[in-house]
Amino acid sequence: MEALRLQPPQGPPLVLPSCYRLASQILTRPHYNPNKSIKPFINATLSKPTAEIPPLSTSSSSSHDNPLRSSTLSSPPYPAKKVSANSLQYPSGYLGALAPKLSERLGVNMWLKREDLQPVFSFKVRGAYNMMAKLPKEQLQRGVICSSAGNHAQGVALAAKRLGCDAVIAMPVTTPEIKWQSVERLGATVVLVGDSYDEAQTYAKKRAKEEDRTFIPPFDHPDVIMGQGTVGMEIVRQMQGPLHAIFVPVGGGGLIAGIAAYVKRVNPEVKIIGVEPSDANAMALSLHHGQRVMLDQVGGFADGVAVKEVGEETFRLCKELVDGVVLVSRDAICASIKDMFEEKRSILEPAGALALAGAEAYCKYYGVKGANVVAITSGANMNFDKLRVVAELANVGRQQEALLATVMPEVPGSFKHFCELVGPMNISEFKYRSNSEKDAVVLYSVGLHTAFELEAMKKRMESSQLRTYNLTASDLVKDHLRYLTLYNRLNGGPKTIKMGHIKVVVRLNQDSPDHFIAYEVVS
């Protein structure tokens, strides 16, 4: 990568309070009117090219005088409208909602804002520290409390340690031990309560009232948003030359709202583009519908951004200031984790690599060349047990490998014929199971050089009456048929899984001492 990385300022590991004061002055300046200079950059919501979507309102109101002041939103009364993540999907890299290796390969100057190098390995300490540092001394002495299963918890714990106050962190009982132990090492009191984040949050808010503690929200608070916005301030200060776009991972929206509020004020021609996983696209859907919505279910692979509903204040800011949202697959996220490791020998968490995946997809989709783009590597709190999944999906995400299934008759010579039809393609993984007198299924991965070669092999198979299905895009297959032992240990009993047009019964092989899984084609 020819471009240099952008790092947090040298000196104390926390952002200096003066930075927060400067951000506060700029972001809350009374005469600030985003419509005056930003309006040309706010376009109608886009989704699929064939969709007809009305533009979002950009009409001025008194709430625009202060971009971080509480305002009335066009949000539905609770409970929010529930929608499916699948209801808004578009090609990877497509800007679909309002709003020296990598650089060489993409033809752009790819800059990295290394928030994974923070003391708690994520940007979350910025917002937590800013809000807590602004609390009155008496209020701070009564302590703070938050609910989190990850990075926000560590940010609050470190901020409390530096500010000398007591902190209680409510975490779900399902939180990995490594995460809650990291919080305890920072001096906070950890309370494991509830099976989900919502239950932990309910406990934290109740205890906050009982003990008169201050609840520190993860994203939906003006002071938290201001703290996260210092990332944008540092980018503007450190970046030399024109900047095309900043790519920001989006969960609840605190980081992108803060960055957009600052950057659009001082440099409105820079595009602020959010990036979300395609199965956790709450912000894209909210912008699409013109109001906050709640996902009926959310993908948990990139757990750092896995939220069902974005914040009220963050949505208000994003609706006015963000140029768009890019959706990416988890395969692409895994590929970007691998890219970062090869580039800097650093391992990002899935949410931390999200912006990098979105920047690459966007540049490829729109043919951006020679421009300066910034991707925020927002965190590095990776669960070790995810590394195997990341390693195996990285080549799929880079389109260097394809996963296929071929159904063949269980007769002598059929397997030899299958090998001949594969031809020059390199098989990188292979599973063969037969529990039927008629058919067997081969699940295999091939090194993919070009789409033409893959399609040619598929046609060879089908011309010989060997039904072949490309399962590369099937998350279910990659989750379960590649990790069949885990599937049955967790769920137990026979399971019927549909792989494309194939139905497969998966069950535990009791005759195997290692409990390998047998599966058979049923249709």
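None of the figures in this text is laboratory data; all of them are computed from the coordinates on show. Remember, it's a predicted structure, so these values are computed and weren't measured experimentally. Here the Cβ is made from the backbone with ideal geometry for all residues, glycine too, and neighbour counts use every protein chain on show.
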Checklist line | Length released on extending from LYS137 to ARG467, taking residue separation times 0.36 nm less the Cα-Cα span | finding: 111.7 nm
Notebook entry, point to check: What is the distance, in nm, between label points placed 7 Å from the Cα along the Cα-to-Cβ direction at ALA391 and at GLN181?
Noted result: 2.1
Note to self: If you take every residue apart from GLN118 with its C-beta less than 10 Å away from the C-beta of GLN118, what net charge results, scoring Lys and Arg +1 and Asp and Glu -1?
What the structure shows: +1
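Given R₀ = 41 Å, what would the calculated FRET efficiency be for PHE341 paired with ARG460, taking r from the Cβ atoms and rounding to 0.05?
Numbers: r = 36 Å, r/R0 = 0.88.
Step by step, r from the Cβ atoms, then E = 0.70.
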Check: Lysine pairs in segment 266-397 8 or more apart or on different chains: how many have alpha carbons under 28 angstrom apart?
Finding: 18
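For GLU211 and ASN426, what is the calculated FRET efficiency with R₀ set at 56 Å and r taken between the beta-carbons, to the nearest 0.05? Mind showing how you got there, number by number?
Numbers: r = 62 Å, r/R0 = 1.10.
Rounded to the nearest 0.05, the efficiency is 0.35.
Pairs of Cα atoms under 8 Å, at least six residues apart: use those to get the relative contact order of segment 130-231, whole percent. Numbers along the way, then the final one.
Details: 169 pairs, mean separation 34.6, N = 102.
Computed over segment 130-231, the figure is 34 percent.
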Next item on the list: Tell me the trypsin sites (Lys or Arg not before Pro) within segment 256-347 that lie in a loop according to DSSP and have at most 13 other beta-carbon atoms within 10 Å.
Entry: ARG345
Item checked: Cleavage-rule hits (trypsin sites (Lys or Arg not before Pro)) in segment 198-233: DSSP loop, at most 15 neighbouring Cβ within 10 angstrom -> none
